[in-house]
Amino acid sequence: MGECCPPMDLFRSEPMQLVQIIIPIESAHLTVSYLGDLGLLQFKDLNAEKSPFQRTYAAQIKRCAEMARKLRFFKDQMLKANLPSSKSKRLVDVNVDDLEVKLGEFEAELIEMNSNSDKLQRSYNELIEYKLVLEKAGEFFHSAQSNAALQQRENESRHIGDESLDTPLLLEQEASTDPSKQVKLGFLTGLVPRGKSLAFERILFRATRGNVFLRQAVVENPVTDPVSGEKVEKNVFVVFYSGERAKNKILKICEAFGANRYSFPEDLGRQAQMITEVSGRSSELKTTIDIGLLHQGSLLQTIGEHFEHWNLLVRKEKSIYHHLNMLSLDVTKKCLVAEGWSPIFASKQIQDALQRAAFDSNSQVGAIFQVLHTQEAPPTYFRTNKFTSSFQEIVEAYGVAKYQEANPAVYTIVTFPFLFAVMFGDWGHGICLLLATLYLIGRERKLSSQKLGDIMEMAFGGRYVILLMAIFSIYTGLIYNEFFSVPFELFGSSAYACRDLSCRDATTAGLIKVRPTYPFGLDPVWHGSRSELPFLNSLKMKMSILIGVVQMNLGIIISYFNARFFRSGVNVWFQFIPQIIFLNSLFGYLSVLIVMKWWTGSKADLYHVMIYMFLSPTDELGENQLFSGQRTVQLVLLLLAFVSVPWMLFPKPFILKKQHQDRHQGQSYALLENTEESLQVNSNHDAHGHGEFEFSEVFVHQMIHTIEFVLGAVSNTASYLRLWALSLAHSELSSVFYDKVLLLAWGFNNVIILIVGIIVFICATVGVLLLMETLSAFLHALRLHWVEFQNKFYEGDGYKFYPFSFALLDDEDE
């Protein structure tokens, strides 16, 4: 059998088998690799008691992890350089040992390049900052000297004009001052981040008690910081101080604020010379850095061409050794023993893979394949395709089916989109959903290879679910006759007309039937303000009850076939017949009355019929009678409903007790049947076949089950009314947007208001009805399947089949 399966394969999971493979150690690596290509064997861990470091191939896994680390390093470097990895047109097979050496060489070369580039870049950034300091501080010193010269000339002219008798004394006093006592000022220059400049100035003055003089100049463009390598807005500062103590304080403050300091010559000529030297050195460094970046880019481009191939090879190698660590060594240490689960249909393919591995590895002894008999519960495996996989995932989000249990996904393919459409029914909105889904399906190949966002990823993964939801929504929308809440006469004219003009916006009292019945869906005249509550609302509510009763009956029927398949041993008359009788005596009968009322056009009040069926079952029905003998039928159904409760409760515990006693009187020993049958029967016998039979425990369990079913039959039927409630809400919201936005804007006879109204209508329709309402209807349909439908038959306590497959590595994250 191939990978494509007939639809019937979805009803039950694939028959599984536990296999043992004895592999010669020299062909073990190639054998596991071929099994990974096949992807149909789930290995069991035979070394679960050992830690990862105690296993046979721990060193090889460590090597693969180190290669994976180097590849991640390459990927980060390519992302920094904006060089995406691309698949090479010509792939060359690389030995893992050769790849390890090559990756090591590339890593060493890149690390050296990065180190040199970082040093050169830091030096370049320091030179740029130094140049800014020379320019800005030079301007300050130049302006200060100009001001000082001007001040000196003014003082000299004032001194000559203001000579007096006291002047010689003053000059004499100044001349007698000791030169050693004169104060000499020092200064420091550098750059400080602009965001810290005010705090920097404040701390300087506090630390030196105001004995400093600070000047700052704003640098117009952000500067690359040599330490962090980030663009930072900075100010050039010059701070004057007096004394070594003040200098030490200033140095510590500069270090604390991340201010980069640079030396500055006092001589103006030296300043110009320094600016020229710094500009020349920075140009040389820039050229060197550009050449280094070109070399680095060329190396990264070479790596990028082979990156995907190397990455997949390393991940495959690591996965192979990880699974080899699950195998146990035999006593001779010449063979590895593997155990695992595989579908029965895959036996031939697995044996072919073992033979090819033995031949390709030149092994003198081939691997031995044999099936083991076990009572362990196998994993669950459903073969799906891209259409059915999303429905299977909806079911498995609730729980994975146990082995060979009936699969709800088969029914979900039809019932899920249909229940969604009952709540979402509008063929205009359905067409919008259909167009969006067709876009996703049309670009399926391209989108599947791209990284999508979380929401888009979910929408794309469920594109075929949304496709059926859209198609069913168009169908139910045609039945409701709603196109963005507007009715259309698509299938002919309305069958009704008004007697006179007064009934146009009135109730249905003024309508008469003048044509044949509208052929498909709801007659347009019954839609809207005239009849939304009397007819369409009633239709949706009653249809919800009919759908709920049918689906719950389907769940009980599936539960019966499940029990027959697993040979539960409990007679159908004592387990499923009373459930069917109880459910249909009440709600099945209500469904029959609904259909009869539609068929006959009766005015009977079904609420009154059902209430007084319990309160006054012997009273005459009067005008609420739909058929002759209805009172007698109701009495019989009521009696059956009451009888079915103890019928569900009492027989099953006694039957199980009798079966347990029979098994322990010598009938429990029998020949071992084939693997598939023993696996199916095993789960049954484990429950009550071993140990003491606790009758009280079984009885209490059955009592709880009976109470749950009785109360659930009522609550689940009521829960299906959400179909009516959400359908009504969707219709009303759509009507509000149409009447209060689009028609209101149209009534102003203004083009601008009309355009605004159309934009608001489109935004409201897309945002509320096509997104929020879609999600709401989806969640409610999900709940109806998980709780109201699946709880009748689905246990969902199995575990999924996860085969060792290289095809799954593409979807895994490191």
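Of everything in segment 360-385, what is touching a helix residue (DSSP H, G or I) at 6+ places or on another chain (Cβ under 7 Å) and of a type in the set (D, E, K, R)? Give them in sequence order.
Across segment 360-385, the qualifying residues are ASP360, ARG383.
THR56 versus (1) more than 30 Å from ALA28 (Cα to Cα); (2) not in a helix (DSSP H, G or I): which is the lone unmet condition?
Evaluating THR56 over (1) more than 30 Å from ALA28 (Cα to Cα); (2) not in a helix (DSSP H, G or I) leaves (1) as the failure.
Which pairs do you get when a residue that is in the same structural domain as THR189 (by the TED database) and open to solvent by 60 Å² or more (accessible area, probe 1.4 Å), found in segment 233-250, comes within reach of a residue that is at pLDDT 90 or above and assigned to a strand (DSSP E or B), reach meaning Cβ atoms under 8 angstrom, with the pair 6+ apart or on two chains?
GLU233/PRO193
All but one of (1) within 30 Å of ASP76 (Cα to Cα); (2) of a type in the set (Asp, Glu); (3) crowded, with 17+ Cβ neighbours inside 10 Å hold for GLU284, so report the exception by its number.
(3)
Are any residues in segment 687-705 modelled with pLDDT under 90, open to solvent by less than 80 Å² (accessible area, probe 1.4 Å) and part of a helix (DSSP H, G or I), and if so, which ones?
ALA687, HIS688, PHE695, SER696, VAL698, PHE699, GLN702, HIS705
Name the pairs whose Cβ atoms lie under 6 Å apart, with the first residue in segment 361-376 and assigned to a strand (DSSP E or B), the second open to solvent by 60 Å² or more (accessible area, probe 1.4 Å) and modelled with pLDDT of 90 or more, and 6 or more positions between them or separate chains?
PHE369/GLN351
Against the definition (surrounded by fewer than 19 Cβ atoms within 10 Å (Cβ to Cβ) and either outside any helix (DSSP H, G or I) or not hydrophobic (A, V, I, L, M, F, W, C) (or both)), how does GLU788 come out, yes or no?
Answer is no for this residue.
Can you find a residue that is closer than 15 Å to PHE424 by Cβ and free of Cβ contacts under 8 Å to residues at least 40 places away in the same chain anywhere in segment 733-752?
no
Yes or no: segment 803-813 includes at least one residue that is among the aromatic types (Phe, Trp, Tyr) and closer than 30 Å to GLU317 by Cβ.
yes
Give the residues of segment 746-778 that are surrounded by 12 or more Cβ atoms within 10 Å (Cβ to Cβ) and small (Gly, Ala, Ser), sorted by residue number.
Hits for segment 746-778 are GLY757, ALA764, SER776, ALA777.
Of the residues that make up segment 628-638, is at least one farther than 14 Å from TYR589 by Cβ, open to solvent by 40 Å² or more (accessible area, probe 1.4 Å) and assigned by the TED database to the domain that holds ALA713?
Checked against the condition, which is being farther than 14 Å from TYR589 by Cβ, open to solvent by 40 Å² or more (accessible area, probe 1.4 Å) and assigned by the TED database to the domain that holds ALA713, segment 628-638 yields at least one hit.
When the residues of segment 396-414 are narrowed to those that are closer than 19 Å to GLN551 by Cα and not hydrophobic (A, V, I, L, M, F, W, C), which ends up surrounded by the most Cβ atoms within 10 Å (Cβ to Cβ)?
This residue is PRO408.
Could you grab me the full set of residues in segment 600-627 that are open to solvent by 40 Å² or more (accessible area, probe 1.4 Å), over 15 Å from TYR589 (Cα atoms) and free of Cβ contacts under 8 Å to residues at least 24 places away in the same chain?
GLY601, LYS603, LEU615, THR618, ASP619, GLU620, GLY622, GLU623
Is it the case, given these coordinates, that VAL549 is over 16 Å from THR706 (Cβ atoms), under 43 Å from the mean Cα position of the chain (by Cα) and either at pLDDT 85 or above or among the small types (Gly, Ala, Ser) (or both)?
It is true that VAL549 is over 16 Å from THR706 (Cβ atoms), under 43 Å from the mean Cα position of the chain (by Cα) and either at pLDDT 85 or above or among the small types (Gly, Ala, Ser) (or both).
Report yes if LEU372 is among the hydrophobic types (A, V, I, L, M, F, W, C) and either open to solvent by less than 30 Å² (accessible area, probe 1.4 Å) or within 22 Å of the chain's Cα centre (by Cα) (or both), otherwise no.
Answer is no for this residue.
Pick from segment 217-232 the residues that are assigned to a strand (DSSP E or B) and touching a Lys or Arg at 6+ places or on another chain (Cβ under 9 Å): which of them is most open to solvent (accessible area, probe 1.4 Å)?
Checking each candidate, the answer is VAL218.
I'd like to check something: does segment 726-745 contain any residue that is part of a helix (DSSP H, G or I), charged (D, E, K, R), open to solvent by less than 60 Å² (accessible area, probe 1.4 Å) and out of contact with any strand residue (DSSP E or B) (no Cβ under 8 Å at 6 or more places or on another chain)?
No: segment 726-745 contains no residue that is part of a helix (DSSP H, G or I), charged (D, E, K, R), open to solvent by less than 60 Å² (accessible area, probe 1.4 Å) and out of contact with any strand residue (DSSP E or B) (no Cβ under 8 Å at 6 or more places or on another chain).
The values are calculated or read from the model by the stated rules, or taken from the named source; none is laboratory data. Just so you know, these numbers come straight off a predicted model, no measurement behind them. All Cβ positions, glycine included, derive from the backbone under ideal geometry; neighbour counts span all protein chains shown. Heads up: the accessible areas ignore ligands, DNA and RNA and are worked out on the full protein's heavy atoms, side chains in. Shrake-Rupley method; radii C 1.70, N 1.55, O 1.52, S 1.80 Å.
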